[in-house]
1. For region 139-162, which residues satisfy the criterion of being part of a strand (DSSP E or B) and either loosely packed, with under 14 Cβ neighbours inside 10 Å or among the hydrophobic types (A, V, I, L, M, F, W, C) (or both)?
2. Between residues in region 99-117 that are closer than 24 Å to Ala89 by Cβ and open to solvent by 90 Å² or more (accessible area, probe 1.4 Å) and residues that are in a helix (DSSP H, G or I) and not aromatic (Phe, Trp, Tyr), which pairs lie under 6 Å by C-beta distance while being six or more apart or on different chains?
3. Can you tell me which residues in region 135-176 are among the small types (Gly, Ala, Ser) and over 30 Å from Asn110 (Cβ atoms)?
4. Would you mind stating whether Leu97 is part of a helix (DSSP H, G or I), modelled with pLDDT of 90 or more and not basic (Lys, Arg)?
5. Has region 52-68 got any residue that is closer than 25 Å to Val168 by Cα and assigned to a helix (DSSP H, G or I)?
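The values are calculated or read from the model by the stated rules, or taken from the named source; none is laboratory data. Model, not experiment: these values are computed from the prediction. Virtual Cβ from ideal backbone geometry, glycine too; neighbours counted across all protein chains shown. Accessible surface areas use protein heavy atoms only, side chains included; no ligands, DNA or RNA. Shrake-Rupley method; radii C 1.70, N 1.55, O 1.52, S 1.80 Å.
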Amino acid sequence: FFSSRRRHTRYIGDWSSDVCSSDLSEPLVTTDALIEANEKVLRIQAELDNFRKRARRELDDSLKYAQLPLARDLLMVLDNLNLALNAAADNEAASGLAEGVKMVADQLINALNNHQIYAIESVGHPFDPNQHEAIQMESSEEYDANTVSREVRSGYRLHDRVIRPAQVFVSTGPETAE
């Protein structure tokens, strides 16, 4: 019984004498180490904050543009309705059918507009490679150089993102006589 107590006392005694014998005027942690640890904590907090902001922005974007695949599919339907209207324009017998198809196309355009899907205005505007796909260059008396002179297929945007660029002819300006 006494021998185990003596060992315990010796251990505590040895430890306490080490602490007492150490120089307490010297700090256990240096000021430089505290500054470095503080800066590390601040960097980690900033990284976490940036991660949260980026995750929130990505979530907002994914919700904002979630209807993009559906919009692309509906634009193909609208293109087919416009092709049907162009084909029926030459046929007097199909005027009633063409009028019905035009009403359906207008209704589809209104539905797209209600969901922030808008046509890109092209003809008469300066050529913008972010919104237009140039099919051909042509001389034009009506339009200046690098201005869209004709639109082959309409382009559309969802909010601020281009779903499909407009396929256009770009003017080279008036034809010059050589």
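1. Val148, Val152, Leu158, Arg161, Val162
2. Taking only residues 6 or more apart or on different chains, the pairs are Lys102/Leu85.
3. Our first condition is that a residue be among the small types (Gly, Ala, Ser); within region 135-176, this holds for 139-140, 145, 149, 154-155, 166, 171, 173.
Result: Ser139, Ser140, Ala145, Ser171, Gly173.
4. no
5. Yes, because at least one residue in region 52-68 is closer than 25 Å to Val168 by Cα and assigned to a helix (DSSP H, G or I).
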